[in-house]
């Protein structure tokens, strides 16, 4: 592949050095930004193959390059573009898989969380690739 | 643009190449399926960057590779993949049409019992449709089902 650099360490002239494994391990292995209202669709992404709309506020993202194990870290945000999104959260589903990540989106009104379809959903996956 | 010879290159690196060099393709197709009679219909939407890679060819591994990894993951006591090399070392598939890419994606991301027996019941368990054929709003989303009268109803999930 053109432009390939093989290095174990990056060294700055004064600030010190860093092992490139920190770069490899610390990079997001998959991420996606989608509109979850209407028919959900990715606006931009990396390493995603599809998004499945399972119902109100319930989604499954499928990866192209699978993760090595199910202990990967997932984070997400969601909102609807208003100032009312302080209680909106992404919840990881109970079923973990190396090839996909299921999650729900909820919005809390008062003390009651409820599933909802946000217009803006972002997720990021960190971990080891298979 | 010519796809570099990618066999043996990590799949993730190939996807990075595709993202940098290919125009995303937002498909108008949707896959509607039911994998449980107790649940509403699910709607699978292809990722635009994935679709671009599928149309380009020479990037994605054969879908059978994913089935092999799924078998490994289904084993009791699974800790981590030890055959990830299948993703990277297996000869990539050639360029697909959008329809072929959807078939690939169904076999990759839909439950096998759905697509293997999609027509075994009183109505299809799986339908490929255009985005416009889905309901325009998400009203009663958790009650959507595949229509039992597909031939006469343009709305396939309502």
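Data for the structure
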read-out: Separation between Cα centres of the range B:14-34 and the range B:90-114, rounded to whole Å; value: 12
read-out: Average other protein chain Cβ within 10 Å of Cβ, residues B:127-139; value: 2
read-out: Likely footprinting exposure, A:48, B:51, B:96, fewest C-beta neighbours within 10 Å first; value: B:96, B:51, A:48
read-out: Distance between modelled label sites at residue A:7 and residue A:25, nm, 7 Å Cα→Cβ extension; value: 2.0
read-out: At R0 = 30 Å, FRET efficiency that the Cβ-Cβ distance of residue B:80 and residue A:109 yields, to 0.05; value: 0.15
read-out: Three-way shape call for the range B:51-121 based on the alpha-carbon gyration tensor, with the a/c threshold at 1.5; value: oblate
read-out: Over chain A: helical MRE at 222 nm, DSSP H runs n ≥ 4 each giving -39500 (n - 2.57), nearest 500; value: -1500 deg cm²/dmol
read-out: Rounded, prolate or oblate (a/c below 1.5 giving rounded, otherwise prolate when a/b exceeds b/c) for chain B by Cα gyration tensor; value: oblate
read-out: Within chain B, helix-based [θ] at 222 nm, where runs of 4 or more DSSP H residues each add -39,500 (n - 2.57), nearest 500; value: -9500 deg cm²/dmol
read-out: Three-way shape call for chain A based on the alpha-carbon gyration tensor, with the a/c threshold at 1.5; value: prolate
read-out: Relative packing of peptides B:83-89, B:18-24 - highest average C-beta neighbours within 10 Å first; value: B:83-89, B:18-24
read-out: In degrees, nearest ten, helix B:98-109 long axis to first principal axis of chain B (Cα); value: 90
read-out: Number of partner chain Cβ atoms within 10 Å, mean per residue of B:36-44; value: 4
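Laboratory data are not the source of any read-out in this text; all were calculated from the coordinates shown. Since we're looking at a predicted model, the values are computed, not measured. As a convention, Cβ positions derive from the backbone with ideal geometry for all residues, glycine included, and neighbour counts pool all protein chains shown.
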